[in-house]
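A short worksheet on the structure shown next.
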Amino acid sequence: MKEGEQLNLYNISAAPHIRDDVTTASIMGDVCLALMPSVFFGIVHFGVRAMFIIIISLATCVLSEYVYELLMKKKNTTNDLSAVVTGLLLALNLPPGVPCFIPFLGGIFAIIVVKQLFGGLGKNFMNPALAARCFLLISFAGIMTDFKTGEMMWDGSFLKGADAVSGATPLACLKEGESLHIPSMFLGIIPGCIGETCLPAIFCGAVFLKMRNVISFKIPVSYIVSFSVIVYAYGIFCGKGSGLSFVTAHLLGGGLMFGAFFMATDYVTSPVTDSGRFIFGVLLGILTAVFRLRGSQAEGVSYAILCGNMVVPLIEKITMPVPFGREKRKYGKTQN
Amino acid sequence: MLMLGMCPTLAVTSRAGNGLGMGLSTTVVLIFSNACISMLRKVIPKGVRIPAYIVIAASFVTVIDLVMQAWFRGLYQALGVYIPLIVVNCIILGRAEAYAKDHAVLLSVFDGIGMGLGFTAGLTLISILREIAGCGTVFGFDFNKRFFDGRYTPVSIFTMAPGAFFVLAFLCAFIRCKKGNSKGTGSFACMNTDCGKCRRCKGKQ
């Protein structure tokens, strides 16, 4: 018997010892299930093309993880489903009309560059799916902001009136100062990325994750509330229409809800402490509002979450709880 | 692997021609400054040697700057402020400090040629890769239109700063990997303190 094998016989760790059935695979499986309503709605709403994009993205992510680990002689981790989640999230963040090489390139970038090169699951410093989306957004700005699909099954015309169908997302319309139809935005019958348009589907998934104790609502709630407050204040002080409808349109119009519940709550790239989560959410809210209201692009959720991911180590450092019995260190002073 | 002069590497290598031009002009400056510093190595006082090196390098950079302005107008405009910035390129000072200040003139000249050509090769390689990925061209030759009918969609992130980091990182990883395999000993100290393969660990044993 080799040395290494002997070590594995005894699992020595410090107290407390908690036994639990939760594994990475079970958590990732729950996230996959929670994404299913959005996937289903995306396919119904945007047509078969959306399904192909989701399949390509999934297959690329899983395959590139498998191939990379095979080549680098690492342990095969495709069974923990994290690559599946990355693939789903990436596909749901793409416009439905993109050519096939977009999810393919994005999947490779997400898994190999953002995740595996930094050491695999748990060591990626930013959300792989979002990083890939931003990579694509910077590289193919034209393709990635083109939301004309031509084959939308429900184009929302029965809600808005026949001539109201356009290829611009609600956020782009907002930027141009057009008015919007709130109910169709809530139901998701609008142009947008595959998974981000339908609010009921996102809420279903989020409530399921909450019930299974996979995510806490601290990040999403603080994110959405801080974002709303800033946008509301901006609406009043800068005269962008009557406050509330402006806020509602911003909340429902883009990837905010999807990002808040599925992206910002990613375990690896969000703080573990409770107060840290609160700070993280508020930071995301501020950044998203700034990017959307003052930035050159209509959407700012993905950049905001990536920027937030960068400061997570700092947030954790300042919010780390002090073990019982130790003195709290605070700017050189000691607390009694 | 020497990691010197990264500033122009990342800034100007979005086109192969720029990378080559930058590399060659740095080479010329490096050769002359090495020769000059080596000639004056007994005259320059120890205490003020760095300012003296910079003055010498700056005069050659000015020469190159004016020459390019006169004869290579397009390249001069493409490289812009990075030509004067050769003065503070780490390679110039690094080689002066590490080699030219205590070696003979001829040796220093050859050191300048070798270092400069290596730098040029590196810059050109990075810029060729970036131009292929980011524009679909090589040295301005549009192979995308010629061979692929324009069907290749350029990944424009490669012409921007992040693309430079990607290419540089992948090239470094590739070189490290190749070096480690061919000799059986990595040229770098490993993170693991007792691998028994890298130089540091071998020294310990």
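Quick check: is even one residue across region A:69-78 part of a loop (DSSP other than H, G, I, E, B), among the β-branched types (Val, Ile, Thr) and over 21 Å from the mean Cα position of the chain (by Cα)? Within region A:69-78, one or more residues are part of a loop (DSSP other than H, G, I, E, B), among the β-branched types (Val, Ile, Thr) and over 21 Å from the mean Cα position of the chain (by Cα). Could you count how many residues in region A:99-115 are assigned to a helix (DSSP H, G or I) and at the interface with another protein chain (Cβ under 10 Å from one of its Cβ atoms)? So the count comes out to 5. In summary, A:Ser57 fulfils each of the numbered conditions (1) within 27 Å of A:Leu187 (Cβ to Cβ); (2) within 14 Å of chain B (Cβ to nearest Cβ) with the single exception of condition (2). Report yes if some residue within region A:78-93 is free of Cβ contacts under 8 Å to residues at least 24 places away in the same chain and over 23 Å from A:Pro191 (Cβ atoms); otherwise report no. Yes. Selection of helices (runs of 4 or more DSSP H) fully inside region A:243-336 by the criterion of at least 1 residues being at pLDDT 90 or above and surrounded by fewer than 24 Cβ atoms within 10 Å (Cβ to Cβ) returns A:274-294, A:301-319.
Based on this model, can you work out whether B:Glu131 counts as at pLDDT 85 or above and among the charged types (D, E, K, R)? Judged against the criteria, B:Glu131 is a match.
What number of residues within region B:122-157 satisfy the criterion of being in contact with a helix residue (DSSP H, G or I) (Cβ under 9 Å, 6 or more places away or on another chain), of a type outside the set (A, V, I, L, M) and not in a loop (DSSP other than H, G, I, E, B)?
Narrowing region B:122-157 to residues in contact with a helix residue (DSSP H, G or I) (Cβ under 9 Å, 6 or more places away or on another chain): B:122-140, B:142-144, B:150-157.
Next, from what is left, pick out any that are of a type outside the set (A, V, I, L, M): B:122, B:124, B:127, B:130-131, B:134-137, B:139-140, B:142-144, B:150-154, B:156.
Subsequent filtering for residues that are not in a loop (DSSP other than H, G, I, E, B) retains B:122, B:124, B:127, B:130-131, B:134-135, B:143-144, B:156.
Qualifying residue count, region B:122-157: 10.
The numbered conditions (1) closer than 27 Å to A:Gly308 by Cα; (2) away from chain B (no Cβ under 14 Å); (3) modelled with pLDDT under 85 are all true for A:Leu81 except (3). If you go through region B:153-176 and keep only what is surrounded by 14 or more Cβ atoms within 10 Å (Cβ to Cβ) and either more than 10 Å from every other protein chain (Cβ to nearest Cβ) or of a type in the set (Lys, Arg) (or both), you end up with B:Ala164, B:Val167, B:Leu168, B:Leu171, B:Arg176.
The values are calculated or read from the model by the stated rules, or taken from the named source; none is laboratory data. What you see is a predicted model, and the numbers here were worked out from it, not measured in a lab. All Cβ positions, glycine included, derive from the backbone under ideal geometry; neighbour counts span all protein chains shown.
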